[in-house]
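The next block holds one structure in the form of structure tokens; read it before the comments.
The values are calculated or read from the model by the stated rules, or taken from the named source; none is laboratory data. Please read these numbers as outputs of a predicted model, since none were measured by experiment. Glycine also receives a Cβ, built like all others from the backbone with ideal geometry; neighbour counts cover every protein chain displayed.
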Amino acid sequence: MTKQLLISILVVFALKLQAQSVSVLPIDSITGKVFYKKIIELDTSYNHKKLISLSKQWFSSNIKNFNRSNSDKQQNLIFAKGNSNDLDNLFFIDQPLTYSDSEEGIVQGRCAIKYTGSSVGLIRVVYIQFDIIIATKNGKAKMECSNFTYAHYNQSNKRASQFYGVKDSGPCKSKGPLEELIPCAPGFGEFDRFFKFIEENVFSLNTDFEFFLKIKSVKDNDW
């Protein structure tokens with residue numbers, strides 16, 4: 001088998017893998033942005049003002065919950081601090097709660113996810129941030145996650161960097177709205193793992209919030 005033929009076969013195989021790569025990220029049909037929504041049904045005795053109060057407590061109850069990582073040593077832990085020009089601290093969410101209005105029944109906060117790729121892959125270190133908006137009615141809460149952004153860095157020099165081997169432009173640029181990265185996906189599954197990790201953490205936030213509300217409901221009725 002000639003070298004040229006071998007290269008051609010590898011290219012075809014890589015293209016097939018890329019064609020099979022499908023983003024799990026949901027896109028809002030109106031805005032065109034990555035968007036998640038969860039409706040939580042609760043006891044009707046919980047009016048929206050009480051749910052607003054509980055939502056604010058949730059944002060303040062566990063700061064680790066809003067600073068996430070896929071590193072085995074950092075999973076759901078505060079980002080490691082060290083001599084890295086405070087890169088982690090630049091994206092660290094120290095005050096997850098950003099806005100609340102009891103009359104409107106709205107609470108808003110932020111979450112950060114640090115995703116570390118392999119030392120030889122396309123993805124080195126990506127920081128993702130997004131908004132969490134909670135709206136309440138009597139006996140019901142709605143949680144929306146939107147406005148996802150990403151920024152890619154080289155973990156060796158702690159500087160902003162293009163994805164390894166890819167031009168820092170177009171859909172593969174090193175930072176921007178997350179939905180704009182989806183058409184890039186040149187990693188033959190690597191980007192799918194990255195997207196899946198984001199989705200798993202959004203689902204984890206949904207579950208944690210619902211559990212927090214229901215546990216509070218049980219405690220308040222246990223007398």
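Observations on the model:
- Whichever residue in the stretch 78-101 is among the polar types (S, T, N, Q) and modelled with pLDDT under 90 and, among such residues, is surrounded by the most Cβ atoms within 10 Å (Cβ to Cβ): Ser84
- Test: residue in the stretch 175-198 that is under 22 Å from Asp88 (Cα atoms) and more than 16 Å from the chain's Cα centre (by Cα): no
- With a requirement of 2 or more residues that are under 30 Å from Leu213 (Cα atoms), the strands (runs of 3 or more DSSP E) lying completely within the stretch 102-190 that satisfy it span 106-116, 125-137, 140-154.
- Among the residues of the stretch 153-195, those identified as touching a helix residue (DSSP H, G or I) at 6+ places or on another chain (Cβ under 7 Å), over 16 Å from Val125 (Cα atoms), surrounded by 14 or more Cβ atoms within 10 Å (Cβ to Cβ) and modelled with pLDDT of 85 or more are Pro171, Glu180.
- Listed by first and then second residue, the pairs with beta-carbon distance under 7 Å, at least 6 apart or on different chains, first residue in the stretch 196-209 and at pLDDT 95 or above, second surrounded by 21 or more Cβ atoms within 10 Å (Cβ to Cβ) and assigned to a helix (DSSP H, G or I), are Phe209/Trp58.
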